[in-house]
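The values are calculated or read from the model by the stated rules, or taken from the named source; none is laboratory data. Keep in mind that what you see is a predicted model, and the values were worked out from it rather than measured. Methodologically, a virtual Cβ is constructed for each residue, glycine included, from the backbone with ideal geometry; neighbour enumeration extends over all protein chains shown.
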Amino acid sequence: MTLDAVGLEVMAHAFASIAEEMGLVLIHAALSPNIRERRDCSAALFDAEGQMIAQAAHIPVHLGAMAEAVAAVRAEGAAPGDVFLLNDPYTGGTHLPDLTLVGTIALDRQVAGYSVVRAHHSDVGGMQPGSMPAGVRELFAEGLVVPPVRWTAEVERLLLANVRTPAMRRGDLAAQRAAVERGAEGLRALIGRHGWPQVQRAARDLMDHAERRTRAALQRFRVAGMSATDWMEGDGVTDADVAIAVRVDIQDGTFHADFTGTAPAAAGNINCPLAVTRSAVLFVVRTLLEPDVPMNGGVQRAVRVTAPEGCLVNARWPAAVAAGNVETSQRITDTVFLALASGGLPVPAQGQGTMNNVTFGGVGSGGWGAGWTYYETLGGGQGAGPTGPGPSGVHVGMSNTRNTPIEVVEMELPLRVRRYALREGSGGAGKWAGGDGVIREYEALAAMEAALLTERRRHAPRGAAGGSDGSPGRNLLDGEPLVAKTSRALEPGDVLRIETPGGGGWGEPESKGDRS
Amino acid sequence: MRLGVDVGGTFTDLVALHDDGRIDVRKVATTPEDPAVGLFRAVDGYRSSVVGGPVPVEALIHGTTIATNALLERRGARIALVTTAGFEDLLWLRRQDRADLYDLSRHHPPPLLTRDHVVGVHERMGPDGVLVELTDAEVKRVVAAVQTLRPDAVAIACLFAFRHPEHERRLAAALRAALLDVQVAASCEVLPVFREYERTSTTTAEAYLRPKVSAYVARAEAAARQRGIESLRIMTSSGGTMPPQAAAIHAAALALSGPAGGVVGARLAGEAVGLTDLLTLDMGGTSADASLILGGGALAEGAGVVGGVPLALPAVLIETVSAGGGSIAWIDTGGALKVGPRSAGAVPGPASYGRGGTEPTVTDACLVLGWLDPGQPLADDVRLDLEAARRSLAALGMTIAALGMTRLRNERAIATGIVAVATAVMARALKRVSVARGVDPRRMALLPFGGAGPLFGCALAEALGMRVVVVPPHPGALSALGLAAAAERVEAVASLHRQLEAVTAAEIEAGFAPLVERVRSELPGGLVRQQADCRFVGQGYEVPVAVLSAEPAIVAQVFRAAHRTRFGFASDEAPIELVNLRVVAERGGGTPVLRRPAAPSTGQRPGGGGGRREVVVRGETVVAEVWPLDDLPPGVTIAGPAILAGGDATALVEPGWLATAHVSGAVVIERR
């Protein structure tokens, strides 16, 4: 150990500040609402060995998932000053809309580190606008696949020729590029102030520090053989359950999640590359840590994730993956939490476990232009925990994006929101009740398509420690129930009602004890 | 003469700004039960002390925390909310993001009323007008329902009332007629702009605060009148001031009254030395607030959150971090030294206050490093106990050693570490406020204030690559100075949600006309400015641009330029939309240029300061000259290391920096 207590903290702020600055540059320079407002993006700084020094993650789904991207670029023999682009889920990516730029930071013709910026682009080609089609069987239908390649004018031309909104993509990528540059400048400035050996050592010490704190937190739990199984409700191709099984061992300060027993990769696009699975597990571990543990590669050293090759959560090329990132990742965290609960860890009951993806789209009728699409996700109930009730009407797990105001929806789209309310009583009962889900009722004012990509419509979020399950969600078209994942044509006057799941309750209700 | 009075947690500061630019400063203890008592104690004390009898007071400007504290402590009125049926849960649904990414049991702070105090109304406006008629019978039912709740105040917020206020107006009229002693705030009056959650939340806050705020300002106004002071004005969150009658019905606009004064004062001090692009840092007892002044204007933006309640009214930009003088230093389980977020506050205070605090704070570290003088009592007669500070640091040193970390040699090394960490925390906040607005800090000057801020000026500037630090006159009372100098300001806003290419200049002018009329009648003789909130279609937030010509093509041009400055790009093809029109009127902003009295009161010491003492700067022990901050002869230059000790603040000039006393009373410190 070389840094003292002060150096650790000062350098932690210095590195975190660089990542934070990269993220701010990206958000403020990007064009598309998905990056600017929903903040579906993150930025990170890596050392020369490809270990993460600091990350500004705006949503948990990117947590610690960029090391694979750096590894893939290193495998291509990146030279100092090179910038690579990639989105291939099987070489460093997650799902195709996540375009990742990896900049190699040059210092005296050597590699000093990597500056990495990932952002979810609202179109990367493929069969459907938005590049998040449901029920697709092939990766190739989801969009343009980009293996790690040097980001040149030619590559940009090729990419822009394959997407529906090239001007917006060019703007977003320019913002990403600016953020990558800012990260490189920041690291070089830090090296200018402290010297290269000191900065290198500081990065190493900080990762050791984060690892120490992670292991210290995990030492409090020594439980082996905690296991759980949960299900995805169909893959968009069929409606059949798809099992996710996990066994968690926490021993000697290491958290090991093994997904043996999980179903093979699905025909539809709910598969995950291992990087996504690792983020989901890391999210769970992060909730067990003190909030000020710096997020860097040291945390990951205390976390091991294994899964059989070719299974749902460690899919192989060319399995389709678009929905794996948004829905399967949620179920992975749910399953891991369930396993921890079975081992008596003080974790909350399951939350809504879905992002309730709702997409509307239509063609030019009623003065709304040549064609339009609108996408939103809905909050629901969080599970109750040992210390109190679950929050209501919030995003849980791997997402945390904000809603769109009703007044914006109605001013800009042929939709009317008839009701927006908490779904009272949908949280599971218990000593502490689970959070309530949400009711959102839309009326179509023109002919349109509605696509639903939802979960937890038949398997309820489970309660913990004797608490009751939350209510599963419901999708209703003019009062008739719909399945979890479907597309429907709507006529003017049709009413689509989404009821999102409530969170599970925690602990036996106290009134029971009173009666005995 | 104008008086500014800032009521803080511990002290009530008064600054008298004379017509010739001279400043007088007074401090009295804050009276928390009724802040107006302390306010007038300061005013009376000062006026009776002025040689030659009381001078006429042109204006008394007051910065108050009454609204802030009511929100933080949830001690406002008992209110009811009247809203469109089917949407009664809006305040509980918020924007659906959770309170903390990783703490899954964390709840958002609750709204200002309970759910059973929401009354749903059968009515509905859409973007184009009425969808569900509001019947007279329904109005009657709603009034009766509200009456049974017996509220002190009522908020009304219906969907699309920012564009179609007719239903809200009828409800407001009926409620006002039926509930005579009850304040009624309607969203179409409080904040007529789109985004229903923020509008409802702001309107609720207005109703919640109005009874308390209106009673307070009425009391203050009566007390001012008694003393022959006709012009009492109240500072708002946006850095302008309002007469008491206006403040009484804009209670939510006072939520950040306190910090706004500081930013206005910083602007004034910067202007006095010819600097208009400033990063400011107000370091207080429990936290430090970073803000930004660009082109001589403080940035006022909406969408602040106070006490967990979103307020979409204009407010000066503030980024708060927990690094104040009272912030406690500790060691985490991984062996890193942390500062904050826990604070010793004023009671028990830092260990060196001798009021029972034993944990080491930033103030204790500054004392051990020799930056503060134990011989000089603080404003509230506290004498700093150096031994107590040493003991607290030594105890922390034992903890560090027990963790097996590299041993910090002694108390001075630990103190050096604490200030280094506090500096890192504040530097990060300053970077956030600037980078988030597309500003490079290296091109700016740093203006640190508050009692401890100027101790950290050089270190922060160095961390951010800045070359100039401005220590304002009386850094500990800068908020009160800002109040004394602040202009009167009224603002009117209306929604005009249209694409620029589809709107004519005549329509834009017609939109502005009623707003201009309103601000002219509220503030006769004020300087009127027109602004439009614009954005590229599809964006989720707006950039305010000055409208000198209502010609849409010119508005578009100005918007693109503003967008490029702020975000570094602006598409020439992307369509632009108007969102809101704003009109601001300001009066009385022409403040005197700050000027120190010609003859310094404590005599000139041309050869040096008031002695020398050993101080530790970045681990090195050096001998610093000590100068009186409040009495520096204009033009004198002082090479670091030096300590500038003032009545309410101390500045540290680090080695390698050169301080020059300015005629305004500010000190400009530049890197050599």
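Yes/no per residue for (1) surrounded by fewer than 20 Cβ atoms within 10 Å (Cβ to Cβ); (2) assigned to a strand (DSSP E or B); (3) touching a strand residue (DSSP E or B) at 6+ places or on another chain (Cβ under 6 Å):
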| site | (1), (2), (3) |
| --- | --- |
| B:V142 | no, no, yes |
| B:A145 | yes, no, yes |
| B:A174 | yes, no, no |
| B:E189 | yes, no, no |
| B:A205 | no, no, yes |
| B:S214 | yes, no, no |
| B:A253 | no, no, no |
So B:V57, is it farther than 24 Å from B:D630 by Cα and touching a Cys at 6+ places or on another chain (Cβ under 9 Å): no
Among the residues of region A:339-353, count how many are buried (at least 24 other Cβ atoms within 10 Å of the Cβ) and more than 14 Å from chain B (Cβ to nearest Cβ). 1
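Let's see how each residue does on (1) in contact (Cβ under 8 Å) with a residue 40 or more places away in the chain; (2) farther than 25 Å from B:M444 by Cα; (3) part of a loop (DSSP other than H, G, I, E, B):
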residue: B:A290; (1), (2), (3): yes, no, no
residue: B:V305; (1), (2), (3): no, yes, no
residue: B:P310; (1), (2), (3): yes, yes, no
residue: B:T333; (1), (2), (3): no, yes, yes
residue: B:P341; (1), (2), (3): no, yes, no
residue: B:P348; (1), (2), (3): no, yes, yes
Checked against (1) of a type in the set (D, E, K, R); (2) within 13 Å of another protein chain (Cβ to nearest Cβ); (3) free of Cβ contacts under 8 Å to residues at least 60 places away in the same chain, A:R423 satisfies every condition except (3)
Hits in region A:34-49 - residues which are in contact (Cβ under 8 Å) with a residue 40 or more places away in the chain and under 25 Å from A:H395 (Cα atoms): A:N34, A:I35, A:E37, A:R38, A:R39, A:D40, A:C41, A:S42, A:A43, A:A44
Within region B:16-55, can you find the residues that are on the phi > 0 side of the Ramachandran plot and either surrounded by fewer than 16 Cβ atoms within 10 Å (Cβ to Cβ) or of a type in the set (D, E) (or both)? B:G52, B:G53
If I filter region B:562-576 for residues that are buried (at least 19 other Cβ atoms within 10 Å of the Cβ), out of contact with any helix residue (DSSP H, G or I) (no Cβ under 7 Å at 6 or more places or on another chain) and modelled with pLDDT of 90 or more, do I get at least one hit? no
Positions within region B:81-109 being away from chain A (no Cβ under 11 Å) and closer than 24 Å to A:G390 by Cβ, in sequence order: B:P109
Residues (surrounded by fewer than 22 Cβ atoms within 10 Å (Cβ to Cβ), modelled with pLDDT of 90 or more and among the β-branched types (V, I, T)) located in region A:164-190: none
Restricting attention to region B:176-186, which residues are modelled with pLDDT of 95 or more and in a loop (DSSP other than H, G, I, E, B)? B:L179, B:V182
Being under 15 Å from A:L96 (Cα atoms) and either in a helix (DSSP H, G or I) or among the aromatic types (F, W, Y) (or both) is the filter here; which residues of region A:135-171 pass it? A:L139, A:F140, A:A141, A:L159, A:L160, A:R169
A:E449 vs (1) within 11 Å of another protein chain (Cβ to nearest Cβ); (2) farther than 18 Å from B:R95 by Cβ: all pass except (1)
Given the conditions (1) farther than 30 Å from B:A300 by Cβ; (2) within 14 Å of chain A (Cβ to nearest Cβ), report the number of the one that B:T363 does not fulfil. (2)
Every listed condition ((1) more than 11 Å from chain A (Cβ to nearest Cβ); (2) among the basic types (K, R); (3) within 19 Å of B:G284 (Cα to Cα)) holds for B:R443 save (3)
Entirely in region B:444-555, the helices (runs of 4 or more DSSP H) that have 3 or more residues that are buried (at least 18 other Cβ atoms within 10 Å of the Cβ) and among the acidic types (D, E): none
Taking the options A:V347, A:V326, name whichever one is within 28 Å of A:A141 (Cα to Cα) and either in contact with a Cys (Cβ under 6 Å, 6 or more places away or on another chain) or hydrophobic (A, V, I, L, M, F, W, C) (or both). A:V326
Within the group A:R286, A:R301, A:R247, which residue is within 14 Å of another protein chain (Cβ to nearest Cβ), within 26 Å of A:P346 (Cβ to Cβ), more than 19 Å from the chain's Cα centre (by Cα) and surrounded by fewer than 24 Cβ atoms within 10 Å (Cβ to Cβ)? A:R301
Kindly check whether there is at least one residue in region B:229-240 that is of a type in the set (A, V, I, L, M), in contact with a helix residue (DSSP H, G or I) (Cβ under 6 Å, 6 or more places away or on another chain), part of a helix (DSSP H, G or I) and closer than 27 Å to B:F40 by Cβ. no
Of all residues in region A:7-33, which are closer than 18 Å to A:P60 by Cα and more than 10 Å from chain B (Cβ to nearest Cβ)? A:A19, A:L26
Just one of the numbered conditions (1) more than 30 Å from B:L294 (Cβ to Cβ); (2) within 14 Å of chain A (Cβ to nearest Cβ); (3) among the β-branched types (V, I, T); (4) surrounded by fewer than 21 Cβ atoms within 10 Å (Cβ to Cβ) is not true of B:I414; which one? (4)
Among strands (runs of 3 or more DSSP E) entirely within region B:19-126, at least 2 residues that are modelled with pLDDT of 90 or more and farther than 22 Å from B:R233 by Cβ occur in B:79-84, B:118-121, B:124-126
Against the conditions (1) within 14 Å of another protein chain (Cβ to nearest Cβ); (2) surrounded by fewer than 23 Cβ atoms within 10 Å (Cβ to Cβ); (3) at pLDDT 95 or above, where does B:L159 fall short? Just the number, please. (2)
Could you give every pair whose Cβ atoms fall below 7 Å, whose first residue belongs to region A:191-213 and is within 12 Å of another protein chain (Cβ to nearest Cβ), and whose second residue is buried (at least 20 other Cβ atoms within 10 Å of the Cβ) and polar (S, T, N, Q), counting only separations of at least 6 or pairs across chains? A:L206/A:N296; A:M207/A:N296; A:A210/A:N296
Check off (1) buried (at least 19 other Cβ atoms within 10 Å of the Cβ); (2) within 14 Å of another protein chain (Cβ to nearest Cβ) for B:A59 and give me the number that stays unchecked. (2)
Candidates A:G64, A:G81 - the one that is in a loop (DSSP other than H, G, I, E, B), of a type outside the set (S, T, Y) and either in contact with a Gly (Cβ under 7 Å, 6 or more places away or on another chain) or more than 14 Å from every other protein chain (Cβ to nearest Cβ) (or both): A:G81
Quick count over region B:303-354, residues being small (G, A, S), more than 30 Å from A:R215 (Cα to Cα) and within 14 Å of chain A (Cβ to nearest Cβ), is 3
Does A:V180 meet the test of being part of a helix (DSSP H, G or I) and over 24 Å from the mean Cα position of the chain (by Cα)? no
